[in-house]
Amino acid sequence: MTRRPIRSKPGVDNRLERRYRLKIHVDTTKCLGNGFCEAIAEDVFDLGDKTVVRVAVDPVPEARRTQMREAVQTCPVGALSIQD
């Protein structure tokens, strides 16, 4: 049995959804566009031709927590964070 994505209604606190999803925050005042995060998870982070990375997948599945932690720790300027 495959799990379907859980969708919450606006304004509704859905604790179950938070267990399965991660929010990645990019501090645009710190990001220099080095692209280390994109190299680790190119389907999640998108630098494109810009100087600041954006999160292309939001929210990120909980199963990718280890990979997201690696991307956060690899950022040389500390522009990324995981918000639970």
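Throughout, read-outs are computed from the coordinates displayed, never taken from laboratory work. Small disclaimer: the values here were computed from a predicted structure and weren't measured. Note that we place each Cβ from the backbone using ideal geometry, even for glycine, and neighbour counts take in every protein chain shown.
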**Request:** Convert each backbone phi in the stretch 27-35 into a coupling constant with the Karplus relation 6.51 cos²θ - 1.76 cosθ + 1.60 (shift: θ = phi - 60°), then list the ³J(HN,Hα) values in order as whole Hz, x for Gly and Pro.
**Result:** 7, 5, 7, 9, 4, 10, x, 5, x
**Item:** Förster-model FRET efficiency, 41 Å R0, ASP49 and ASP84, C-beta, rounded to 0.05
**Value:** 0.85
**Message:** Can you give me the distance in nm between label points at THR66 and LYS30, each placed 7 Å from the Cα along the Cα-to-Cβ direction?
**Reply:** 2.5
**Prompt:** HN-Hα J couplings of the stretch 38-45 from phi, Karplus 6.51/-1.76/1.60, θ = phi - 60°, integer Hz, Gly and Pro as x?
**Reply:** 5, 5, 7, 9, 5, 7, 9, 9
**Prompt:** Say each of GLU42 and THR74 gets a label point 7 Å from the Cα, pointing the same way as Cα to Cβ; how far apart are those two points in nm?
**Reply:** 1.2
**Fill in**
The computed P(r) of the stretch 19-83 puts the percent of Cα pairs beyond 13 Å at 56
